[in-house]
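*Asks:* Take this structure, written in structure tokens, and hold onto it; I'll ask about it next.
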Amino acid sequence: TPTTAHECGSLPVTMDLVAAGLGVAMMPGLAGHTVPAGVSLLPAKGLHRTIEAVVRAGTENQPVIAAALTALKDCA
């Protein structure tokens, strides 16, 4: 069973921890733009993530917001 030794909210610091040999990490695909030497990004096939749109309560039916939400759903 893996043990959590470090938790970090910074993607670059997390990659630096991995580069220093202090563990492995799950990262969003967009994090791969700056990868330190000695770190490899491997696809995690079969995994998915849930994202949520945040809108002000009661505005989800306004035309512009509804169109943006539809576009997000179409991209998923």
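*Asks:* Can you say whether GLY9 is loosely packed, with under 11 Cβ neighbours inside 10 Å, on the phi > 0 side of the Ramachandran plot, part of a loop (DSSP other than H, G, I, E, B) and free of Cβ contacts under 8 Å to residues at least 12 places away in the same chain, as far as the supplied structure shows?
*Replies:* no
*Asks:* Right, next: Of all residues in the range 23-43, how many are out of contact with any helix residue (DSSP H, G or I) (no Cβ under 9 Å at 6 or more places or on another chain) and at pLDDT 85 or above?
*Replies:* Adding up the residues that qualify gives 3.
*Asks:* How many of the residues making up the range 33-76 are assigned to a loop (DSSP other than H, G, I, E, B), charged (D, E, K, R) and exposed (fewer than 10 other Cβ atoms within 10 Å of the Cβ)?
*Replies:* So the count comes out to 4.
The values are calculated or read from the model by the stated rules, or taken from the named source; none is laboratory data. Source: prediction; values computed, not measured. Ideal geometry is used to build each Cβ from the backbone, glycine not excepted, and the neighbour counts take in all protein chains shown.
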